[in-house]
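Here is the structure we will look at.
Just so it is clear, none of the values below were taken in a lab; they were calculated from the coordinates. What you are looking at is a predicted structure, and each value in this text was computed from that prediction instead of being measured. Reconstructed Cβ throughout: ideal geometry from the backbone, glycine too, with neighbour counts over all protein chains shown.
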2 protein chains.
Amino acid sequence: MKQKLKIIKIGGNVINDNSALNSFLSDFSKIEGLKILVHGGGKKATEMSKALGLKSAMIGGRRITDKANLEIVTMVYAGLLNKKIIAQLQQNNCNAIGLSGADANTILAHKRVVKGVDYGFAGDIDGVNDKMIRLFLDGDLIPVFCAITHDKKGQLLNTNADTIVAEVAKGLSSAYEVELIYCFEKSGVLLHVDNEDSVIETLNTVSYQNLKQEGIIADGMLPKLDNCFNALKNGVSKVIIGKPKVIINMDIKHTAIVL
Amino acid sequence: MKQKLKIIKIGGNVINDNSALNSFLSDFSKIEGLKILVHGGGKKATEMSKALGLKSAMIGGRRITDKANLEIVTMVYAGLLNKKIIAQLQQNNCNAIGLSGADANTILAHKRVVKGVDYGFAGDIDGVNDKMIRLFLDGDLIPVFCAITHDKKGQLLNTNADTIVAEVAKGLSSAYEVELIYCFEKSGVLLHVDNEDSVIETLNTVSYQNLKQEGIIADGMLPKLDNCFNALKNGVSKVIIGKPKVIINMDIKHTAIVL
């Protein structure tokens, strides 16, 4: 019988709002058993870029990370946000340890190469060092990953947090019964984007294809959901999408992703 | 028989110079056996403060850390510099893990309170979590500390790197035979500040007192040396001060601190 492990992702909507972040971290601290947190970036990196007079370009919803912007995201994600989260979790007696993928070589990636498009220092993940992450979990530590990885050739890489959390979940699924929870600003996948009451309670591969073809699920939700199905196909036991409160109260509305 | 552990500190002179940093990290990676690195900040935090239009005040050689400056040092020390060092060590097959004192609750501190002077978010160390650091060492990891600690009440604190390295050395001296090496821009403690040939080969408590009274050792060297003697009095086996190269070649000139 495998031990249960909850792996939770929070994004900008929680990160950007101090009171939402405090409330989430308080809830996260109360979760019993093994757990891992992965956090996205939020608006602070963009603010910092602007304050320093840098320009930030986007292609297909992804930030183009030039050298100056890589410095900014490394500072903001791995420094400011990660350590702020760690200090708050420590206050809650939650023995957290902040990690980039370079730390203990936990997440290996390579610089994204797509014909014709230079994504700069954006990383696509090659693998997750499950043995090392297990060392932390066995030592009663709670790993908290920011969205920075490395290529083991000395290069840090800006990496999508939704992908990181799915890869970490997949990588640990042979050792643990992994439950993956994506927290975001909505109550789940919605049939009508502006109606929080239209939460799709269960989304499977067939209904996903149909809703995609009808254009009901589109844009930013597609890579997120692709990550979810990919995780389920690779050993993750359960995938949930919903508001942050879902991590301690599964009775509130959410979407369960199933194969 | 205790295992040997080398604990090494580098400061701004190495951090600020890419080629010096690469060379040091290459040497550091070659050290066999257990090792820990502690790094200072360098000029990047000051540059960042200036670029963002912040003012940085100093009292008695210590930066006054207001809220905005704490954000900067957290970003630069724990984010940019620490992760840059980790990525380079990983390239050298040195399985490093970057830590602030908040991570895994490794270094506990409190906000400095000195009558009449508000040092802002500056931390004085209460204790080092030797058990947790031993978990990393036992897991073949190389801890790399930046100069940020926390108070376990949710507050990050800017903390002197010379003091951090001495406290980490003291904290681990009951479990290991600890050798503490301070790397800086000079070949050791100098009799004549501008003459690199005037290195004092051995400095003990008596000669230290004499040289202090004569005004030969003064200013920034005093807290550094106080940390050295304090470490020796608290179980650290050996303390060395010299240029970065001393970590792989003890034949070059350096100062050995003895009781």
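Extension gain, A:Gln213-A:Asp226: 0.36 nm per intervening residue step, less the Cα-Cα distance, totals 3.2 nm.
When only Cα pairs below 8 angstrom with a gap of at least 6 residues are kept, chain A shows a relative contact order of 22 percent.
So what's segment B:8-115 giving for Rg/Rh, alpha carbon basis, Kirkwood Rh from the mean inverse pair distance?
Numbers: Rg = 15.2 Å, Rh = 15.3 Å.
Ratio of gyration radius to Kirkwood radius for segment B:8-115: 0.99.
For A:Arg134, the distances from its label point to the matching points in the remaining copies are 2.4 nm, ordered from shortest, with each point set 7 Å beyond Cα toward Cβ. What separates the A:Met1 label point from its copies, with the point 7 Å along Cα to Cβ, is 4.6 nm, written shortest first.
The modelled label-to-label distance for the pair B:Lys55/B:Ala68, using points 7 Å beyond Cα in the direction of Cβ, is 1.0 nm.
Distances between copies of A:Ser23, taken at a point 7 Å out from Cα along the Cα→Cβ vector and listed shortest first: 5.5 nm.
Fully extending the segment from B:Lys233 to B:Ala20, taken as 0.36 nm per residue of separation minus the present Cα-Cα distance, adds 73.5 nm. When the Cα atoms of segment B:3-257 are aligned to their principal axes, the ranges along those axes come out at 44, 42, 36 Å in descending order.
Report Rg/Rh for the protein assembly as shown, rounded to two decimals, where Rg is the Cα radius of gyration and Rh the Kirkwood radius.
Using Cα coordinates only, the ratio equals 1.01.
Restricting the calculation to Cα atoms, every distinct pair contributes to the Kirkwood radius of segment B:111-246, found to be 16.6 Å. Among chain A residues, the one whose Cβ is nearest the axis of the rotation from A to B, given with its distance rounded to whole Å, is A:Gly79, 1.
By other beta-carbon atoms within 10 Å, ranking A:Tyr77, B:Tyr119 with the fewest at the front produces B:Tyr119, A:Tyr77. Among the listed pairs A:Lys2/A:Lys35; A:Lys131/B:Lys153; B:Lys43/B:Lys67; A:Lys43/B:Lys43; A:Lys2/A:Lys153; A:Lys43/A:Lys170, those with a Cα-Cα distance over 24 Å are A:Lys131/B:Lys153; A:Lys43/B:Lys43; A:Lys2/A:Lys153; A:Lys43/A:Lys170. Cross-link partners of B:Lys115 among aspartates and glutamates, defined as those whose alpha carbon lies under 16 angstrom from its own and excluding same-chain residues fewer than eight positions apart: B:Asp124. Once the mean of 1/r is taken over each pair of separate Cα atoms and inverted, segment B:173-259 shows a Kirkwood hydrodynamic radius of 13.1 Å. In a simple Cβ point-charge model (Lys, Arg +1; Asp, Glu -1; nothing else charged), chain A has a dipole of about 500 debye relative to its Cα centre.
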